[in-house]
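Take a look at the structure set out below.
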Amino acid sequence: MRDVAIIGVGMTSFGELWNQGIRDIFAEAALNAMKDAGVTKLDSMYVGAMSSGLYAGQEHIASVMADYIGQRGVPSTRVESACASGGLAVKSAFIEVASGMSDIVLAGGVEKMWDADDGSAILATASDQEWEAYHGVTFPGLYAMMARVYMDRYGLTREELARIPVKAHRHAINNPNAQYPHPMTIETVLKSSMVADPLRLMDCSPITDGAACVILCPLDRAGEFTKNPVKIKAIGAATGPIALHDHKDLTRLDAVHSSAQRAYNMAGVGPGDIDFVEVHDCFSIAEILVAEVLGFFEYGTGGKAIAEGQATYGGKIVINPSGGLKAKGHPVGATGVAQIIEATEQLQHRAGKRQIENAKLGLTQNMGGSGGSSIVHILEAV
Ligand code: COA
């Protein structure tokens, strides 16, 4: 297997992009990434999207996007794993480059969510139709059940939980692409409308339009394109039960655990070696559960540790320097790629005011649904 590097990144700003269609935002991100890498011709491409048909009325988007970005004729594949579709696109591109089949491969993700009227119902198609969605449960409701168990078992207070989105917004202030780059107070979180008890509006990632792309090539060719390539040191993917009631423990996300162990084993590193992480904080409780399963905090201690400042600059490990899904935004199919862009920019030391000093090894974790799939990437500055 060949070593694989990221040689270019590009994304749109995240938010309500009313003046652009799905192909426009994908093209903006893709052309930015190609410009960043200094390439004009791709050998292959992957497009991650959770539900372009339901959100934007457009299926067959792998071909649409190849054509629209001027790569007509290039093999292009759409991949889907709910909110982990972006991570899966990068994994698929990695395999194609690592195998020696292709050299210059684009991995992108996109979602245009604001155009649809029934966004919650579309998201719920990624939950279990027979056991959950049919009965009216949405993702905020599913994660609320996890939050209830965690808070009850470990004594996490509502105010401590509120400190997690407050931290996310503080990080997002320095991210020019974030949907909500403004400060947030604990009081605002606690007064925001109840969505699914105990989760309030400010505990939830928002509805977002956005696209993100990266360009991969063999590490031994990376010097032709950039002075500071980032190596994809390891990837771990796993599936888990789609329905929440099939989880052995609502506070332990098995797919995240398996995907992380695979990535740690492949990289030959452990949580203590990682300098920063981008995790799938689709709800405030998710950041805690994922941080614990990844091994950054003991089970049951992550909530209080993050509330006390252990997951921000100067703490044990910086979690979500980008602002995370909560404050940067969560255009579902694009999220996994955007996490990798944040990690790449941190490792290239071009993250501006968000820069983590001496960042050498970063980890990203991208989740599908309420733990039905998870993909972990470990990236290294070379
Ligand atoms: N942070 C800060 N402000 C936010 C916000 C957020 N996360 N989400 C919404 N807002 C603001 C909006 O800008 C809006 O402000 P305005 O009235 O000044 O325009 C206001 O809060 C209301 O937002 P709106 O989007 O109209 O709320 P909504 O009730 O339609 O939807 C949710 C709120 C939580 C139901 C919706 O965002 C949601 O479903 N989120 C979860 C998405 C999800 O499940 N993703 C998949 C995870 S696995």
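When the chain is treated as a Gaussian network with alpha carbon springs shorter than 10 Å, the biggest mean-square fluctuation among Gly324, Gly315, Gly336 belongs to Gly315.
If you wrap the tightest convex hull around every Cα atom of segment 155-276 and split its volume per residue, you get 190 Å³.
Given Cα pairs under 8 Å that are at least 6 residues apart, what percent is the relative contact order of segment 212-285? The partial results should precede the final answer.
Numbers: 41 pairs, mean separation 20.4, N = 74.
Relative contact order here is 28 percent.
Note on segment 299-368: the alpha carbon radius of gyration divided by the globular reference 2.2 N^0.38 Å gives 1.14. Between the alpha-carbon centres of segment 121-195 and segment 42-90 there is a gap of 28 Å. Within segment 107-185, report the GluC sites (Glu not before Pro) that DSSP leaves as loop and that have at most 13 other Cβ atoms within 10 Å. Filter output for segment 107-185: Glu130.
Taking N as the number of residues in segment 331-382, what value does Rg over Cα atoms divided by 2.2 N^0.38 Å take?
Values: Rg = 12.1 Å, N = 52, 2.2 N^0.38 = 9.9 Å.
Here the answer is 1.22, to two decimals.
Annotation: per residue accessible area for the chain equals 37 Å², rounded to a whole number [probe 1.4 Å, protein chains only]. Dimensions of segment 250-352 along the principal axes, based on C-alpha atoms and rounded to the nearest Å, stand at 33, 31, 30, largest first.
Two numbers describe the Cα atoms of segment 52-154: Rg and Dmax, which are 17.8, 56 Å.
Using equal-weight Cα scatterers in the Debye expression, the normalised intensity of segment 60-113 in log10 at q = 0.17, 0.18, 0.20, 0.26 Å⁻¹ is -0.55, -0.61, -0.75, -1.13. Working note: Cα atoms of segment 158-201, range along each principal axis, descending, whole Å: 32, 18, 12. In order along segment 213-223, the Karplus-derived 3J(HN,Hα) couplings, from 6.51 cos²θ - 1.76 cosθ + 1.60 at θ = phi - 60°, round to 9, 10, 10, 10, 8, x, 4, 6, 9, 4, x Hz, and Gly and Pro are given as x.
Seen from Lys112, the other residues with C-beta closer than 11 Å to its C-beta sum to a net charge of -4, counting Lys and Arg as +1 and Asp and Glu as -1.
Could the peptides 60-68, 208-216 be put in order, highest first, of the mean number of other beta-carbon atoms found within 10 Å of their residues? The partial results should precede the final answer.
Values: 60-68: 18.6, 208-216: 31.0.
The most tightly packed comes first, giving 208-216, 60-68.
Computed log10 I(q)/I(0) for segment 8-106 at 0.17, 0.18, 0.19, 0.22 Å⁻¹: -0.75, -0.85, -0.96, -1.30, from the Debye equation with unit scatterers placed on every C-alpha and solvent omitted. For Phe26, neighbours were defined as the other residues whose beta-carbon sits under 12 Å from its Cβ, and their charges (Lys and Arg +1, Asp and Glu -1) total -2.
How long are the semi-axes of the equivalent ellipsoid of segment 177-233, taking √(5λ) for every eigenvalue λ of the Cα gyration tensor, in whole Å from largest down?
Working: eigenvalues 339, 30, 24 Å².
Those come to 41, 12, 11 Å.
Taking all Cα pairs closer than 8 Å and separated by 6 or more residues, the relative contact order of segment 1-66 comes to 34 percent. Taking 16 Å as the straight-line reach from the Cα of Lys316, the lysines in range (excluding those fewer than 8 positions away in the same chain) are Lys167, Lys304, Lys360.
Out of the total accessible area of segment 90-171 (probe 1.4 Å, heavy atoms of protein only), what percent is carbon and sulfur? All intermediate terms of the calculation are to be shown ahead of the outcome.
Numbers: 1790 of 3370 Å².
Accessible surface attributable to carbon and sulfur in segment 90-171 totals 53 percent.
Computed on the Cα trace of segment 11-63, the radius of gyration divided by the Kirkwood hydrodynamic radius gives Rg/Rh = 0.98.
Report the Rg/Rh value for segment 130-171, based on alpha-carbon coordinates and the Kirkwood definition of Rh. We get a ratio of 1.12 for segment 130-171. Convex hull volume of the Cα atoms of segment 108-157, normalised per residue: 134 Å³. I want the local charge near Asp273. Using Cβ-Cβ distances under 11 Å, sum +1 for each Lys or Arg and -1 for each Asp or Glu among the other residues. Within the 11 Å Cβ shell, the charges total 0.
Percent relative contact order of the chain, based on C-alpha pairs within less than 8 angstrom and at least six residues apart? Taking the mean separation of contacting Cα pairs over the length of the chain, I get 26 percent.
The C-alpha atoms of the chain occupy a region whose extents along the principal axes are 54, 44, 37 Å, arranged from largest to smallest.
The values are calculated or read from the model by the stated rules, or taken from the named source; none is laboratory data. Note that the structure is predicted; figures quoted are calculated from it, not measured. For neighbour counting, all protein chains shown are included, and Cβ atoms are generated from backbone atoms with ideal geometry for every residue, glycine included. These accessible areas exclude ligands, DNA and RNA; they are computed on the full protein's heavy atoms, side chains included. Shrake-Rupley method; radii C 1.70, N 1.55, O 1.52, S 1.80 Å.
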